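These notes are about the structure you will find just below.
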Number of protein chains: 2
Amino acid sequence: MADITQSNEATQAPPGPRSNPAWDQLVARFEDLRNFGSAIALLRWDQEVMMPPEGNAARASSMATLEAVFHSRLTDPSLGDLLDELGSDDSLDQDQAASVRVLRREHDKAVRVPEDLVRELATTRGVAYQRWVEARAADDFSLFEPHLKHIVELKKQEADAIGWEDERYDALLDDYEPGVTTKEVEAIFSELVAGLTPLVERVVDAADARPEWLSQPFDEALQQSFCASLAESLGFNVVGGRLDQSPHPFTMTVGPGDVRQTIKTEPNSLLPSIYAAMHETGHALYEQGIPKEMINLPIGQVPSLGMHESQSRLWENLVGRSRAYTDFLLPRIKERFPQVGMVSPEDFYRAVNWPQRSLIRIHADELTYNLHIALRLELELALFRDELEVSDLPGAWNDAMQRHLGVRPDSDANGVLQDVHWSSALHGYFSTYTLGNLYAAALFNKATEDLGDLEGDMRKGDVSRLLEWLRTHVHSQGYRYPASELAQRVLGEPLSSAPLLKYLTAKYEALFA
Amino acid sequence: MADITQSNEATQAPPGPRSNPAWDQLVARFEDLRNFGSAIALLRWDQEVMMPPEGNAARASSMATLEAVFHSRLTDPSLGDLLDELGSDDSLDQDQAASVRVLRREHDKAVRVPEDLVRELATTRGVAYQRWVEARAADDFSLFEPHLKHIVELKKQEADAIGWEDERYDALLDDYEPGVTTKEVEAIFSELVAGLTPLVERVVDAADARPEWLSQPFDEALQQSFCASLAESLGFNVVGGRLDQSPHPFTMTVGPGDVRQTIKTEPNSLLPSIYAAMHETGHALYEQGIPKEMINLPIGQVPSLGMHESQSRLWENLVGRSRAYTDFLLPRIKERFPQVGMVSPEDFYRAVNWPQRSLIRIHADELTYNLHIALRLELELALFRDELEVSDLPGAWNDAMQRHLGVRPDSDANGVLQDVHWSSALHGYFSTYTLGNLYAAALFNKATEDLGDLEGDMRKGDVSRLLEWLRTHVHSQGYRYPASELAQRVLGEPLSSAPLLKYLTAKYEALFA
């Protein structure tokens, strides 16, 4: 009987909305855009991971050509007309309507920024990045200062061209965290900092010196293969992705069925590559979790960088640095890297969570990390509110470090020059790291409520229930809703600092206070 | 004094032709085309070497999108106008005029083939390739036959659209060997076959069974690193290129400064990877030898596949399978692969030149290889002269194998289905392999005349004088002239079968007769 039913169904018209030529056109145009986007992504990935050094100049030229075509197709007035037509088409289903909104938003933003400004930003960014590399190497902010000044000026013009209601910084945030306002971000950071500061005071200085076994030679090929099997054990689909090495770890979707993550092994350190793999696997699982039937639509993407980061942080920290998962991990590490020696589960757990007043964000532990972000947000806000000059940034940076972390950089290289972001005109980006931490804690909390205790799973290294929950509630939703709305739907309440503060307090008080 | 002269020169206007806006426009358009070409090349390279399997469908879609844009820019009528204008501009220098001719040719050919036919060929090729894979696996030509029939029909239409004077096959040859006619190719093959056939008779059956030491386990990672240093020792610039693994070895220029070759290691065989590396390094040295100042012009490319193949064959065979170079190679191989054992230099030299009546072209030795090509040329000519039906191909193939090589395939998989080319609509391609062998022997001959005996160099593994000669006479010429004209200029006479026949006769008579 089942066979007959199926056979009847197969002869019927496929389910779904009625034929809609405008919609079909939009889908075709989106595929076209995505195909260009895929090629650009591959040119970038290859540049970081594979390209021989002498290919650099030609690669830059290729990318510029493809980006120009992408931009001109995205801003094509006839795409605007199509979006207008579909914007008032009541016959669209929810996903179709959401897709129109997503593409509308991208089209409108691209249209609003004048081509001259786009080009000037691209050129200035290219030069500024080179000057930043030199300035950091020479520990001399003055080499970078005029270029950063120029970038800030152009970003202000860009923000004004895009438009904003409350304040200019809203337009910058909107590039990475659509729909979230400066006011909301400031409020949540203020709660978070107020909660973290006394906790850091109580905890950080109670930790001893960093365990010595962490620094010793670890074979890099073995690290690579260990990380590859770790990623796979977490659910990374290797038939639809790759794991390579690059100077800075990242994850990039080249196209449907092609999600690539990278790590960076170090000769005398094991934990950085392992936790980079867990972090990037979090990103990759999200990308691989976008449903196949959604991937050819504008909603077949992650809704914000903060939400993306929630997944990397959840796997890296909430899972990877938990007592239960480290208990699972340690024997596997010892099996492959016997030089780790007789480290106890408790000592290993402490080692992967070692808190310190670090000068460098990317070396920061889970506890102090968000304070590094808080100071960057403050400085960006001051710059874009015209309350701070670029020339005063180094001093302002050092003062903020003193205030938030109780340490003062010994150099600009270890201070204001440490991050690549500003040289690449990525103002507005930093706070998504903390939004990611906040979302991660809240989502993990909710998953635990729904699934019951996950410790037993993690102790066995079986994270499939958690992944399934994330697939259902987060990954499969794509960009149906803005990130904050998605969070509200999943969590049943708006995002707050409470889950992260509660989690960090419990963890670090038990560990080091 | 030298410093002052240089400083004066630096303040003068750069040398070169007067400003010419039409020429500048052409250069900009060529850069644009090349940038698309680079992206397409990378998409292809990555598909063969890096892409995870599930990325395949999206990759095909991306490539189709980029190829369509490339095609529409190449056929743009305003490019035709620009080429018209520059075609009658007497102020252009030789390289500029040659560049206009090269791009004119590509533009005209692309314009002549109707877009519908381009699309139909692309689709048919995609399907035919899949059916060919299945047909070969199932050893069943009938699965492939209708698709090949369709492809041959479309190739006839394509040839007629492009146009031809003497016969249709000229238009197919012209895709790979511009300016060479069927008549010329047939004449040279007829001489070559007449010379090879009695030589094969005398030599092949005199060889014993293949040496057993050739088949045993060889660590594949060691093979890879051995091949990488071999390529580098021949002159491959690793800062401007890569050497990876792929199912079928190939070389591809992604862009200026980015030349990528691949090899394929096998677990139980050493020589295939070593000779693939020498072959592909020959291609790569040619690509890397195109001068920097030419690379941004249409003449900054290799003039034909035959000339390209001349370089791969020269390094693989004339160098790599010479007694002098194998004497250099063997101790290095023994050092890394001691399992080779006590093989003598003479035995090693014989082993890398072992002749056999193989059924399979890609396993053929230097002596019999061109007979495999001769039969393919005969069959293609018969097809395109309407003297042979696709359905009669398997029988015609087997008869031709019997006639040329004295063996009859036991199956279509080992016969007419063995090569990928026809499924990919590459009719006209095969004879460039033999043209490559002919050019290689003639060029090596001429280099020896000019440089004196090269055996001493090869015995030391120092091939720099030979490479320098090739750089000067071949590589640095780019596409200034069609391949046959370049050969005439370098050799002082037209290409003939004499140098190759003389070389093979001397070598194989001494070895096995």
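The values are calculated or read from the model by the stated rules, or taken from the named source; none is laboratory data. This one's a predicted model, so the numbers in the text were calculated from it and none came from an experiment. Here the Cβ is made from the backbone with ideal geometry for all residues, glycine too, and neighbour counts use every protein chain on show. Side chains are part of the model used for accessible areas, which takes the heavy atoms of the whole protein and leaves out ligands, DNA and RNA. Shrake-Rupley method; radii C 1.70, N 1.55, O 1.52, S 1.80 Å.
Structural remarks
- Distance (nanometres) between label positions extended 7 Å along Cα→Cβ at residue B:131 and residue A:194: 7.3
- Computed over neighbours whose Cβ is under 13 Å from that of residue A:204, the net charge equals -3, Lys and Arg +1, Asp and Glu -1.
- Take residue B:392, move 7 Å from Cα toward the beta carbon, and the resulting point lies 9.2 nm from the same point in each other copy, nearest first.
- Placing R0 at 25 angstrom, the Cβ-Cβ distance between residue B:493 and residue B:112 gives a FRET efficiency of 0.15 after rounding to 0.05.
- Take every Cα pair under 8 Å whose residues are at least 6 apart in sequence, average their separation, divide by the length of chain B, and the relative contact order is 19 percent.
- Average partner coverage of B:41-53, which counts Cβ from other chains inside 10 Å: 5
- Inter-part distance where region B:448-513 and region A:443-500 are each reduced to a Cα centre, Å: 68
- Between residue A:332 and residue A:64, the contour length at 0.36 nm per residue exceeds the alpha carbon distance by 91.9 nm.
- Nearest to the axis that brings chain B onto chain A is this chain B residue, judged by its Cβ, with the distance in whole Å: B:39, 2.
- For the set B:446/B:502; B:334/B:460; A:334/A:460; B:109/B:183, the pairs lying more than 18 angstrom apart at their alpha carbons are B:109/B:183.
- Residue-span extension gain [residue A:216 to residue A:402] - 0.36 nm each, minus C-alpha spacing: 63.8 nm
- Taking every residue in B:239-250 and counting other chain Cβ atoms within 10 Å of its Cβ, the average works out to 1.
- Charge sum, other residues only, whose C-beta stays under 12 Å from residue A:450's C-beta, Lys/Arg counted +1 and Asp/Glu -1: -1
- Each DSSP beta bridge with both residues in the protein assembly as shown is either parallel or antiparallel, and the antiparallel ones are about 55%.
- Each peptide in B:42-48, B:73-79, A:34-40, B:215-221 was scored by the mean count of other Cβ atoms within 10 Å over its residues; highest first, the order is A:34-40, B:42-48, B:73-79, B:215-221.
- An oblate overall shape is assigned to chain B, the ratio a/c of its alpha-carbon gyration tensor axes (a ≥ b ≥ c) being 1.5 or greater and a/b not exceeding b/c.
- Theoretical ellipticity at 222 nm over chain A - DSSP helices of four or more residues, -39500 (n - 2.57) apiece, nearest 500: -20500 deg cm²/dmol
- Loop-resident trypsin sites (Lys or Arg not before Pro) (DSSP state other than H, G, I, E or B) in region A:369-407 with no more than 14 further Cβ atoms inside 10 Å of their Cβ: A:385.
- Other-copy label distances relative to residue A:213, 7 angstrom Cα-Cβ extension, nm: 4.9
- DSSP-defined antiparallel bridges as percent of all bridges, chain B, nearest 5: 55
- Rounded to whole Hz, the Karplus (6.51, -1.76, 1.60) HN-Hα couplings of region A:263-268, x for glycine and proline: 10, 9, 7, 10, x, 10
- The simple Förster model, with R0 at 60 Å and r as the Cβ-Cβ distance, assigns residue A:363 and residue B:382 a FRET efficiency of 0.25.
- Solvent-accessible area, 1.4 Å probe, carbon plus sulfur percent, for region A:162-513: 51
- Accessible surface calculations at 1.4 Å, restricted to protein heavy atoms, place the protein assembly as shown at 42 Å² per residue.
- For residue B:244, distant residues with modelled amide H under 5 Å away: B:261, B:262, B:263
- Put simply, when B:433-440, A:122-129, B:394-401 are sorted by average Cβ atoms within 10 angstrom per residue, most first, you get B:433-440, B:394-401, A:122-129.
- Counting only other chain Cβ atoms within 10 Å of each residue's Cβ, the peptide B:65-72 averages 3.
- For residue A:460, the solvent-accessible surface computed with a 1.4 Å probe is close to 140 Å², ligands and nucleic acids excluded.
- Relative to the other identical copies, residue B:160 shows label-point distances of 6.5 nm, where the label point lies 7 Å from Cα along the Cβ direction and values run shortest first.
- Estimated inter-spin distance, residue A:451 and residue B:57, nm [label 7 Å along Cα→Cβ]: 2.8
- Additional length obtainable on full extension of the chain from residue B:410 to residue B:149, 0.36 nm per residue less Cα span: 91.6 nm
- In order along region A:339-356, phi translates into HN-Hα couplings of 5, 4, x, 8, 3, 7, x, 4, 5, 5, 4, 5, 4, 7, 10, 4, x, 7 Hz, rounded to whole numbers, per the Karplus curve 6.51 cos²θ - 1.76 cosθ + 1.60 with θ = phi - 60° and x for Gly and Pro.
- Other residues whose C-beta falls under 13 angstrom from the C-beta of residue A:310 contribute a net charge of -1, scoring Lys and Arg +1 and Asp and Glu -1.
- The interface between chain B and chain A buries about 2700 Å² of solvent-accessible area in total (1.4 Å probe, ligands and nucleic acids excluded).
- Relative contact order [Cα under 8 Å, 6+ residues apart], region B:412-513, whole percent: 32
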